[in-house]
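Q: Got a structure here, written out as structure tokens. Questions coming.
The values are calculated or read from the model by the stated rules, or taken from the named source; none is laboratory data. The model shown is predicted, which means the values in this text are computed figures rather than measured ones. Glycine also receives a Cβ, built like all others from the backbone with ideal geometry; neighbour counts cover every protein chain displayed. In case anyone asks, the SASA skips ligands and DNA or RNA and just uses the protein heavy atoms, side chains included. Shrake-Rupley method; radii C 1.70, N 1.55, O 1.52, S 1.80 Å.
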Amino acid sequence: MDLKPVITVDNLRTYFYNDKRCNKVLNGISFKLFKGRTLCVVGESGCGKSVTASSIMQLLPVLSRIESGSITYHGDKNDIRIDQLERNGKTIRKLRGSDLAMIFQDPMTALNPVYTIGWQIMENLKYHTSLNMKERRKKAIDLLEQMGVSNPGKRVDQYPHELSGGMRQRAMIAMAMSCNPKVLIADEPTTALDVTIQAQIFELITQLKAEHETAVMLITHDMGVVSELADDVAVMYMGNIVEQGPVREVLKNPSHPYTSALLRSIPVLHQGASQDLQPIRGVTPDPLDRPKGCQFGPRCDFYTAQCDQMPDETAVDATHFVRCWHADACRAAQKPAPDHAAGQQPVVQ
């Protein structure tokens, strides 16, 4: 299948500077977002998932910068190097909200508490469309209705604190989708929501992707969400993408010890207390005192002296890639695992 990328990230390095120290948050990551497909970026807290999203959207904090690499947006007319754009400059402000949209983790802090939901949706329409005030209000109400918000004519004039968590998240999705963006980045959009609302939000994102052929980048640490929603998956650890490929290939044939360890630590429905859950031993290293070579080395069962050198990314097959010296041994050591990619889903937390 010939897929055309919408976003290409190549060898991206993003560093944070504070207290005369440098934290190499992203240490050379590469991936592509394709039209009409969902890429799930998964990994432990602090691995660099949200910084990846902030780099693409040019929303990095002041004491940080993209050191090297490239982020290319393949627009309808031409390619745009996002990494070379001025922060909050005219070009990136034109892209944000129209071509590139983001759903943040906590809608209560992302939405402005002193403006109504409708005002905030209409503000995006004001700057990216030619609609007049009456048309913008009608569009905002229509968007809320499409997102499943009850009584949208009333909700449009309410403030964020007057809505439930699920309603606020739907309002934020309405704002993100108001201009039918080419790229939608969702940063753990259901963290604070109960499981029934989680399912509704994910169903809504899937529907929007299908209708508008939007490229979706979904950031999560939940492998249950990955198995259910992803077309492709990228597994991150300590600022590196250690494995990536089609979701079925990665979940059924994990080739990096970290991916395999993540899958072994997931509870599976209907297996009860008898299942053997294996937490990943050790702790995540201090990002300011990193181990040599492969960052997962100190926690890995396959560690050898060779791991003191960072391995290059190698191909498992045409679409499945891994960064590990012992990928073959990792695959050979796999125990029969629950078929996460074929219907027996992990518990969604």
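Q: Quick one: L95 ticks every box in (1) free of Cβ contacts under 8 Å to residues at least 60 places away in the same chain; (2) touching a Ser or Thr at 6+ places or on another chain (Cβ under 6 Å); (3) open to solvent by less than 30 Å² (accessible area, probe 1.4 Å) bar one, so which box is it?
A: Of (1) free of Cβ contacts under 8 Å to residues at least 60 places away in the same chain; (2) touching a Ser or Thr at 6+ places or on another chain (Cβ under 6 Å); (3) open to solvent by less than 30 Å² (accessible area, probe 1.4 Å), only one is false for L95: (2).
Q: Right, next: Here is a check on your reading of the model: is V62 β-branched (V, I, T) and open to solvent by less than 70 Å² (accessible area, probe 1.4 Å)?
A: Taking the combined requirement at face value, the residue does not satisfy it.
Q: Residues to consider are Q105, Q84; find the one that is out of contact with any Gly (no Cβ under 7 Å at 6 or more places or on another chain) and either under 19 Å from R13 (Cβ atoms) or of a type in the set (G, A, S) (or both).
A: Q84
Q: OK, next. What number of residues in the range 285-331 are of a type outside the set (K, R), open to solvent by 60 Å² or more (accessible area, probe 1.4 Å) and under 14 Å from M238 (Cβ atoms)?
A: The total comes to 5.
Q: Follow-up question, since we're still on this one. Which of the residues spanning the range 182-205 are in a helix (DSSP H, G or I) and under 28 Å from L33 (Cβ atoms)?
A: Answer for the range 182-205, where residues must be in a helix (DSSP H, G or I) and under 28 Å from L33 (Cβ atoms): V195, I197, Q198, A199, Q200, I201, F202, E203, L204, I205.
Q: Against the definition (part of a loop (DSSP other than H, G, I, E, B), more than 17 Å from the chain's Cα centre (by Cα), of a type in the set (D, E, K, R) and over 25 Å from V226 (Cα atoms)), how does D83 come out, yes or no?
A: no
Q: Identify, please: which residue in the range 219-273 is assigned to a loop (DSSP other than H, G, I, E, B) and among the acidic types (D, E) and is, among those, least open to solvent (accessible area, probe 1.4 Å)?
A: D222
Q: Only residues in the range 207-235 that are without any contact (Cβ under 8 Å) to a residue 24 or more places away in the chain count as the first member; pair them with residues that are part of a strand (DSSP E or B), Cβ under 8 angstrom, at least 6 apart or cross-chain, and list the lot.
A: As it stands, the answer is none, since no pair meets every condition given.
Q: Is it the case that L100 is in contact with a Cys (Cβ under 9 Å, 6 or more places away or on another chain) and in contact (Cβ under 8 Å) with a residue 12 or more places away in the chain?
A: So L100 fails the test.
Q: Also, I was wondering about something else. Examine the range 261-270 for a residue that is at positive phi, over 17 Å from the mean Cα position of the chain (by Cα) and modelled with pLDDT under 85, and state whether such a residue exists.
A: Yes.
Q: While we're looking at this one, here's another question. Scan the range 110-119 for residues that are surrounded by fewer than 21 Cβ atoms within 10 Å (Cβ to Cβ), at pLDDT 95 or above and part of a helix (DSSP H, G or I) and jot them down.
A: Result: W119, single match.
Q: Just one of R168, R155 is of a type in the set (K, R), in contact (Cβ under 8 Å) with a residue 60 or more places away in the chain and under 24 Å from A199 (Cβ atoms); which is it?
A: R168
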